[in-house]
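Have a look at the structure below, then the notes.
The values are calculated or read from the model by the stated rules, or taken from the named source; none is laboratory data. Note that this is a predicted model, so its numbers are computed, not measured. Quick reminder, even Gly has a Cβ in these numbers, built from the backbone with ideal geometry, and neighbours come from all protein chains shown. The area values use the complete protein model at the heavy-atom level, side chains included, leaving out ligands, DNA and RNA. Shrake-Rupley method; radii C 1.70, N 1.55, O 1.52, S 1.80 Å.
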Amino acid sequence: MSGSHDPYWRLAQEMARLRRSPADTVSARAAALRQVAAECGAELRTPEGGTLEALAQELMYCAEHPGGLAVYLEEFSRGHRKTTTWQAVQQLHRQLFPSDLMEPHHRRALHELLECSEQAPRLRALALRVLHESGAGPTAPEDWGPERGHDGRHSEVAALLAVFEDLPYGWEDEPHPLLVFVETVAVREDGPLRARLHAWSGRVAAQLGCRSPQRLAHLRAEVAARAGRPAAPYRLLVEITARTPVPDVYTVRSWVVPPGPDGARPYGDPVQLSSRAAMEEEVAGRYLSCVHALGELSAGMLVEFLLPRPLLWLPVDQIMARPPDSVARPIGADHTVLVRSRDRWAKPHWRPRLHARADLLTTAPDTAFESAAVRVVPYGERLRPVELLRQLRHDHEQLGWLFLEPPPYTGGLEGDAVNVLLEMGIPVIVAVREVGEHPEAERKTRKVLAGRLMELPERVRMLRGEVGPDAEAFSVLDLHRHISLVWDGRDGLEGADAALGHPSTGGGLP
């Protein structure tokens, strides 16, 4: 049996490189054979001679019993497991005798999940795409042979799984194409099956190349972005403040907030700019840079502006971005742009009221924008802060406000009605900039924003991209250019305190 191509002979040669005395080698072989007999039900044998051929015969005998070869090597290596020589033995063992990609019960569970998937008619197409992108296997349907499922019948799913299991694979900390495929199917499913597929991949992720929850989460984000269905989008957070005595001097800071618990990380250095045009150019540059850096992960990215009260109605959604080799358009046309209150974020004692109302919003997801939960303030009406405070202290049903004229900032927060709304935890504030005096402003605004309040950010993004139910609203009022959306909730910035620090200024008039 000796020969350079015999796997047992090659493994025996590598094992012989261990610096062991002949007596120690015989003792280790005897202990390993006893362990194989005890764990794998093999007949108890004693070592036969000290030649490489005898050792190779032993290895072949152990391999005839499921798991026997691994048990033999585990016992034989005692006292030598940390040596570079034994690591070479382990590497050769993995190359010569690759283990099954999946345990039988994992394979059976995945087979059943895929067969009842809504994507079942498209599984082959999805698999071919994953295989093509990975460059790891057959990319043509004719390369797949017939295969039998766990119940003995011919199965397309079984044939598909066999292709993935036969792929050569050995990349460090890179997900196996099978794991990518399962996540690709899961992100296109709705309801319980998606959760069951995610649960399956969570159980096998470590042995398929994702050895940490963070790596698996990153894979899911990548796959969801490619499918255009980002489950947990990245966020670009931009803070703009202005020096109070010199309103046209702006300071810009920015952070990227990835999905998950990692928290915000600075994106670019703080800069001070001496004009509004320079500030908008800086913001547009950071936005385009972030989109380019994230690549596919920029799908569904939220762009959130952290603004102090004096700048709350700054038309940040209309800042023009000029992508290379494309058409210039406002930031808000491509990505959801939200405004967050810098004052509310900086006051932790305001958060309980915000959380209470935001929880009400999420536990009653069918609440409509046109319902009584959203109060409309007509053009020209001035709110009295004292009365507003008294009302909202006891009215916990109010979730949103629509202003047909953005309340101006007059230089002090003590008598500011919007500041009262922020303090009392109103999570949604919409303001119509510049055109609120039009007699049709309220009707058309409510018409284009009608629907579930929870889905308002997406509808506003569609509106800014000039997609909506009322074309006249664009031609007469240009509402897509004039909507500010202040949106806060439990998905806010509470965990980013350490990264963001405190504002250096209170802001100035725009």
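Antiparallel as a % of all DSSP beta bridges within the range 347-491, to the nearest 5?
45
Under a crude label model (7 Å from the Cα following the beta-carbon direction), how far is E455 from E64 in nanometres?
6.6
Note down the net charge around A299, summing +1 for each Lys or Arg and -1 for each Asp or Glu among other residues with Cβ under 11 Å from its Cβ.
-1
Check which residues have an amide H placed less than 5 Å from R329's amide H, if you skip close sequence neighbours.
Amide H neighbours of R329, under 5 Å, 5+ apart: A321.
Local charge sum around D248 (other residues, Cβ-Cβ under 15 Å, Lys/Arg +1, Asp/Glu -1)?
Cβ neighbours under 15 Å give a net charge of -1.
Tell me, what is the percent relative contact order of the chain, built from C-alpha pairs under 8 Å that lie six or more residues apart?
Reported as a whole number, the value is 11 percent.
Could you provide, to the nearest whole Å², the per residue accessible area of the chain with probe 1.4 Å?
Per-residue accessible area for the chain comes out at 48 Å².
Please identify which residues in the range 193-207 have an amide N closer than 18 Å to a label point set 7 Å out from the Cα of E103, following the Cα→Cβ vector.
Taking a point 7 Å out along Cα→Cβ of E103, the residues of the range 193-207 whose backbone N falls under 18 Å are 197-207.
Give me the accessible area of D366, 1.4 Å probe, in Å² rounded to the nearest 10.
Solvent-accessible area, nearest 10 Å²: 120 Å².
Between E440 and D190, what FRET efficiency follows from the Cβ-Cβ distance if R0 is 41 Å, with the result rounded to 0.05?
For R0 = 41 Å, the calculated efficiency reads 0.60.
Pop out the ³J(HN,Hα) list for the range 265-275 in order, Karplus 6.51 cos²θ - 1.76 cosθ + 1.60 with θ = phi - 60°, rounded to Hz; leave Gly and Pro as x.
Values, residue by residue: 10, x, 10, x, 8, x, 10, 10, 10, 9, 7 Hz.
Set the Förster distance to 41 Å, then compute FRET efficiency between R203 and E43 from the Cβ-Cβ distance, nearest 0.05.
0.70
Report, in deg cm²/dmol and to the nearest 500, the calculated mean residue ellipticity at 222 nm for the chain, where each DSSP H run with n ≥ 4 adds -39500 (n - 2.57) and the sum is divided by the residue count.
One gets -12500 deg cm²/dmol as the mean residue ellipticity at 222 nm.
Just one of [x] 78, 68, 66; [y] 101, 50, 49; [z] 76, 66, 54 is Cα extents along the principal axes in Å calculated from these coordinates, so which is it?
Comparing each candidate, only [y] matches the computed number.
Among the DSSP beta bridges whose two residues both lie in the chain, what percent are antiparallel, rounded to the nearest 5?
Given both bridge residues lie in the chain, the antiparallel proportion sits at roughly 50 percent.
From the phi of every residue in the range 331-348, what ³J(HN,Hα) in whole Hz does the Karplus formula 6.51 cos²θ - 1.76 cosθ + 1.60 yield, where θ is phi - 60° and glycine or proline is x?
3, x, 6, 9, 10, 5, 10, 10, 10, 10, 7, 5, 5, 5, 5, 7, 10, x
Over the range 68-136, what percent of the accessible surface lies on carbon and sulfur atoms, probe 1.4 Å?
47
What is the percent carbon and sulfur in the accessible area of the range 181-316, measuring with a 1.4 Å probe over the protein chains and ignoring ligands?
The nonpolar share, carbon plus sulfur, comes to 54 percent.
When the Cα centres of the range 390-415 and the range 27-86 are compared, how far apart do they sit, in Å?
If we compute the Cα centre of each part, the gap is 78 Å.
Work out how much length R211 to M320 would gain on full extension: take 0.36 nm times their residue separation and subtract the Cα-Cα distance, in nm to one decimal.
So the extension gain works out to 35.1 nm.
Just add up the charged neighbours of P22: K/R +1, D/E -1, any other residue whose Cβ is under 15 Å from the Cβ of P22.
Local net charge: +2.
In terms of solvent-accessible area of protein heavy atoms at a 1.4 angstrom probe, what is the ranking of D190, D325, D166, highest value first?
D325, D166, D190
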